Amino acid sequence: MTNNTKLRWGILGAARINQQLMPAIVEAENSELVAIASRRPGAAAETLAKYAPQQKDVKIYDNPDSLLADDSIQVVYIPLANKEHAQWVLRAIEHGKHVLCEKPMALTVADIEAIETAAQKHKVTVMEGFMYRFHPQHARVKEIIDSGLIGKVRSVRSCFSYLMQPARQYRIADSIENGSGAMWDIGCYAIHAARLPFYNETPVAISAMAKHIESGADISCNGIIDFGDGKYAHFDFGFEHARRAEYEIIGTKGGLKCHNVWAKQAETPVISWWTEAGEQNEEILALANHFLLEVEHFSDCVLNNRNPALSLEDARTNCKVIGAALESVKKGRHIKL
Ligand SMILES: NC(=O)c1ccc[n+]([C@@H]2O[C@H](COP(=O)([O-])OP(=O)(O)OC[C@H]3O[C@@H](n4cnc5c(N)ncnc54)[C@H](OP(=O)(O)O)[C@@H]3O)[C@@H](O)[C@H]2O)c1
């Protein structure tokens, strides 16, 4: 029987990221974990035993289509490989499921547009899983900007990097066209965060450069998004650098920095800011689990018919900027949007 205070979730894939999402679905008061599917025999049961061992009644499916055919499931979480996202989001929508899809939702703008059309037709809610946005530190950043403390935002710098460990090399073993490499793995975050302070602005041009390896994957990239009128967002990401997970925002009267953007749960959230008037401050925020907040938010939106904080329009814009950055790298020139 369906309990309408708890959204009933199914997970499509025994991916590593379930280490974060599965406990979040279990913990969220407005959510219930109903099933998990994997195409690899034994992998779904193993994932469940590892990340939610106390959940005894979760159904195990040996293929994603059987999970989608289960009418008791209302929402599907998709943590499949990047190149598989769009096709499975569309299949889930056709089964009338609401969908939370891991980033990047799709590799092309055309696929995101197809998802938008299908979601409208089947009246379901679909969101791209940029979990970091649900950490309260970004609401605090917006509050500081909206207070006028740093003046009008002119420039942003967003950085996401770490030294890739040998065990993770499979993430760069294929080409960018097949969803592999730094852009789809961490660059999509850096670009998303670089767009953050320009809330309602439309990017007008992109310029980027990158380093590639033999597989056709990129392993580092730097670029600039032009928002017009002298407003620029710089992004810098890669697997050949020490760990950075930060953004900095410079306004006409001062600046601020968010130090742990893609924060691990145990990392203290810190925001520091300064003004031309000589003020300086560092704010230490409470720890928060952005995966849990993301799941609670999505369930709340579906249960109470609200629009999610991350719209499909936002997913489309992010994908468009990524596409233009990749084109800029390829053609070695500035790309107008
Ligand atoms: N939000 C975040 O913080 C975050 C962090 C990391 C990754 N991600 C995103 O989450 C998604 C999944 O990333 P991931 O690193 O967790 O993926 P992953 O472990 O490589 O798994 C991706 C899919 O590949 C299949 N798979 C897993 N292990 C396999 C193996 N040994 N051999 C063959 N197939 C295997 C699984 O499907 P089956 O079970 O059906 O076989 C699984 O759903 C990606 O889109 C990624 O961009 C998000």
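Worth a mention:
- Candidates per GluC sites (Glu not before Pro) in the range 244-337, loop by DSSP, up to 16 other Cβ within 10 Å: Glu267, Glu276, Glu279
- Sparse-neighbourhood loop sites, GluC sites (Glu not before Pro) in the range 29-85 - DSSP loop, at most 15 other Cβ within 10 angstrom: Glu29
- Looking at the range 35-76, the trypsin sites (Lys or Arg not before Pro) that sit in a DSSP loop and have at most 11 other Cβ atoms within 10 Å of their own Cβ are Lys56.
- Listed residues Ala266, Ala205, Ala245, most fluctuating in the chain (Gaussian network, C-alpha, under 10 Å): Ala266
- When the range 103-153 is described by a simple charge dipole with +1 on each Lys and Arg Cβ and -1 on each Asp and Glu Cβ, the residue from Leu149, Val109, Phe134 located farthest towards its positive end is Leu149.
- Among Tyr199, Tyr77, Tyr132, the residue with the largest mean-square fluctuation in a Gaussian network model of the chain, with springs joining Cα atoms closer than 10 Å, is Tyr199.
- Taking 0.36 nm per residue of separation and subtracting the current Cα-Cα distance, fully stretching the chain between Glu29 and Thr117 would add 28.6 nm.
- Look at where the Cα atoms of the range 55-112 and of the range 158-177 average out, and the two centres are 24 Å apart.
- Within the chain: Cβ-based charge dipole about Cα centre, in debye rounded to nearest 20 (Lys, Arg +1; Asp, Glu -1): 380 debye
- Antiparallel DSSP beta bridges within the chain, as percent of all bridges there, nearest 5: 60 percent
- Helical contribution to [θ] at 222 nm, DSSP H n ≥ 4, -39,500 (n - 2.57), averaged over the chain, rounded to 500: -9000 deg cm²/dmol
- Under a Gaussian network description of the chain, with springs only between Cα atoms under 10 Å, the residue in Ile78, Ile225, Ile213 that fluctuates furthest is Ile213.
- Share of pairwise Cα separations in the chain, more than 35 Å, in percent: 22 percent
- With protein chains left intact and a 1.4 Å probe, residues in the range 14-172 average 45 Å² of accessible area per residue.
- Contact order relative to length of the range 82-195, as percent, for alpha carbon pairs under 8 angstrom and 6 or more apart: 26 percent
- Of all accessible heavy-atom area on the chain, the percent that carbon and sulfur account for (1.4 Å): 48 percent
- Fraction of alpha-carbon pairs over 19 Å apart in the range 1-127 - percent: 43 percent
- Whole-number percent relative contact order across the range 1-140, with pairs defined as alpha carbons under 8 Å at least 6 apart: 21 percent
- With the biggest extent put first, the Cα atoms of the range 168-234 measure 40, 18, 15 Å across the principal axes.
- The range 130-157 versus the range 231-267: alpha-carbon centroid distance in Å: 12 Å
- Rg over Rh [alpha-carbon atoms, Kirkwood Rh] for the range 30-90: 0.95
- With protein chains left intact and a 1.4 Å probe, residues in the range 215-337 average 47 Å² of accessible area per residue.
The values are calculated or read from the model by the stated rules, or taken from the named source; none is laboratory data. No experiment lies behind these values; they were computed from the predicted model shown. Don't worry about glycine lacking a Cβ; one is built from the backbone with ideal geometry, like all the others, and counts go over all protein chains shown. To get the accessible areas, we keep the full protein, side chains included, count just its heavy atoms, and leave off ligands, DNA and RNA. Shrake-Rupley method; radii C 1.70, N 1.55, O 1.52, S 1.80 Å.
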